[in-house]
Amino acid sequence: MAPSLVLNAVAFISPQNQPILVRTFTKRDEHVIKYHYIAHTSLDVIEERVSAGGKSQDPYLGLLYAMEDVAVYGYITPLKVKIVLALALSDSVVRDVDVNMIFKALHMAYYKSIANPFLKLDNSFEVVTENSLSLLVGSPKWKNFRRRVDEIGKAVGVAG
């Protein structure tokens, strides 16, 4: 991956457009709401790209938009989970290959977290559900998923 990439935030959004995880890598706490806003505004662009793409849709949606100091990229899994990356804008060239590799690593981290056949099924309020599989917030599986996302963020380079 290119050393010039700086990851500000990652968002996983369910097929029902509910946030699964919005993870920010910035030092300032006031940016958390900004990245929730970015994740939700990305949904319209993702929906437009998916509906215009036809049946042979590439999961990587490319640059969705840029705002202020952030470039926003999108990815949609075969199960319609949306992954949104917010990268810091820079003067260097961002290659689609590099961003696509980040998305594939994040997709695999999510997949490994929900693909466990022994994952506890639960319908309680504190559960984030995805196609009748669930990740209990605070459970070891949830913590493992967050740890994998953090590791990917560190490998890419996080905002300081």
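The values are calculated or read from the model by the stated rules, or taken from the named source; none is laboratory data. Model, not experiment: these values are computed from the prediction. Every residue, glycine among them, receives a Cβ derived from its backbone with ideal geometry; neighbour counts consider all protein chains shown. Calculation scope for accessible area: heavy atoms of the full protein, side chains included, ligands and nucleic acids excluded. Shrake-Rupley method; radii C 1.70, N 1.55, O 1.52, S 1.80 Å.
Quick one: what pairs do we get from region 13-27, first residue over 18 Å from ARG147 (Cα atoms), second of a type in the set (Asp, Glu) and open to solvent by less than 30 Å² (accessible area, probe 1.4 Å), C-beta under 8 Å, 6+ apart or different chains?
SER14/GLU130; PRO15/GLU130
Quick one: which residue in GLU47, GLU68 is touching a helix residue (DSSP H, G or I) at 6+ places or on another chain (Cβ under 9 Å) and open to solvent by 60 Å² or more (accessible area, probe 1.4 Å)? Step through it out loud before you land on a result.
Working: GLU47 fails: touching a helix residue (DSSP H, G or I) at 6+ places or on another chain (Cβ under 9 Å).
One residue alone meets the criteria, GLU68.
Just checking, which of ALA88, ALA9, ALA66, ALA52 is within 22 Å of TYR110 (Cβ to Cβ) and among the aliphatic types (A, V, I, L, M)? Quick ask: steps written out before the conclusion?
Values: ALA88 fails: within 22 Å of TYR110 (Cβ to Cβ); ALA66 fails: within 22 Å of TYR110 (Cβ to Cβ); ALA52 fails: within 22 Å of TYR110 (Cβ to Cβ).
None of the others qualify; the one that does is ALA9.
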